[in-house]
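Working notes for the structure below.
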Amino acid sequence: MAESSGKPVAVVTGGAQGIGAGIAAALGEAGYAVVVADVLQELAGETACQLAGRSVEVAGVRLDVTSADEWARVMREVDARWGGLDVLVNNAGISPRGTIESTDEALWDQTMAINLKGAWLGIKAALPLLRKRKGTIINIGSTRATRPMPGLFPYVISKAGLYGLTRQVANECLAEGITCNMVAPGWVDTPNERKIQARHGRPDFPAGIRNLTTPEDVGAAVVFLASRHGRKVHGDILYVDSGLHVADDAGMVHLPDRVRPPFEQRIEEA
């Protein structure tokens, strides 16, 4: 890693693409030095190069979030270059499909390891550096953390667990001035989500869905929570889902097996 410019520092896991890349870009534009951490090392490097081309101080590193040893290595590198950490964004995750019965132990273990254990390991490894700056932890969850949906068994449970982790960490870190919150996006159009939808019979995704959340929307929410004003929020969940968590479809979700009148008509009928 090269010499530091003295900027505040953020680590974004799963930062090479999709939501993570949007978060990394938003933090970079807000003046942070950004560590793009991803298990896909080559892609992390490519994303870092793109951000560097936009005058962002950035480093691309390999990180398997399920490995305590790799977390320790990344934190050593951050400490050596910047001497502390201001923002940890636990974004790395997978969103497999499955029911109670169709989910096998391997899928359960993989989902929990990446979506939940990975965040815990990251927080544990980053705390010494966060203490130096009274930093903030931002976990990227989902509307499904509090609003379950059939067919997303391991994913829903992992994100609900991540919300519990968020609140517990917030409680334990309250006296240290380290904040911890969760951002909960709704439907987000990313390359990986398109692949998942195609595998499950929706090659036209996101057709039929309105009010999609974008990676830029999630990035803006992260920047707010990391800001001076956002630091008044603690142990909370910030939904960035166009109302999905209160209405489930909120007039936006494509439901091919149900015939529903337009959202505006339902409002008039109510």
Long-range amide H contacts for TYR239: which residues qualify at under 5 Å (H placed 1.01 Å from N, peptide plane, sequence gap of 5 or more or a different chain)? ALA184
Whenever you get a sec, compute what percent of the accessible area on the range 9-240 sits on carbon and sulfur atoms (1.4 Å probe). 53
For helix 215-226, report the angle its Cα long axis makes with the longest principal axis of the Cα atoms of the chain; keep it between 0 and 90° and round to the nearest 10°. 50
Can you compute 3J(HN,Hα) from phi for each residue in the range 66-77, using the Karplus curve 6.51 cos²θ - 1.76 cosθ + 1.60 with θ = phi - 60°, rounded to whole Hz and x for Gly and Pro? 7, 10, 4, 5, 5, 4, 4, 4, 4, 5, 5, 5
For the range 9-240, the count of lysine pairs 8 or more apart or interchain whose alpha-carbon atoms are under 29 Å apart comes to 15
In whole angstrom, how far apart do the alpha carbon centroids of the range 55-77 and the range 82-146 sit? 14
Å² per residue, accessible surface of the range 9-240 at 1.4 Å: 43
Quick one: which of 228-237, 19-28, 164-173 comes out on top by average Cβ neighbours within 10 Å, and what's the full order, highest first? 19-28, 164-173, 228-237
Calculated from backbone phi, Karplus (6.51, -1.76, 1.60) coupling profile of the range 152-159 in Hz, x at Gly/Pro: 10, 3, x, 5, 4, 5, 5, 6
How many nm is it between the label spots at ASP109 and ASP236, if each spot is 7 Å from the Cα in line with the beta carbon? 4.0
Quick one: grab the alpha carbon gyration tensor of the range 94-212, order the square roots of its eigenvalues as a ≥ b ≥ c, and give me rounded if a/c is under 1.5, else prolate or oblate depending on whether a/b is larger than b/c. prolate
Karplus-derived HN-Hα couplings along the range 100-113 (A = 6.51, B = -1.76, C = 1.60, θ = phi - 60°), whole Hz, x at Gly and Pro: 3, 8, 7, 6, 8, 5, 5, 5, 4, 4, 5, 5, 5, 5
Quick one: angle between helix 118-133 and the longest Cα principal axis of the chain, in degrees between 0 and 90, rounded to 10, please. 40
Tell me the relative contact order for the chain as a rounded percent, counting alpha carbon contacts under 8 Å between residues six or more apart. 18
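The values are calculated or read from the model by the stated rules, or taken from the named source; none is laboratory data. This one's a predicted model, so the numbers in the text were calculated from it and none came from an experiment. In this analysis, Cβ positions are derived from the backbone assuming ideal geometry, glycine residues included, and neighbour counts consider all displayed protein chains. SASA here: full protein model, heavy atoms, side chains in, ligands and nucleic acids out. Shrake-Rupley method; radii C 1.70, N 1.55, O 1.52, S 1.80 Å.
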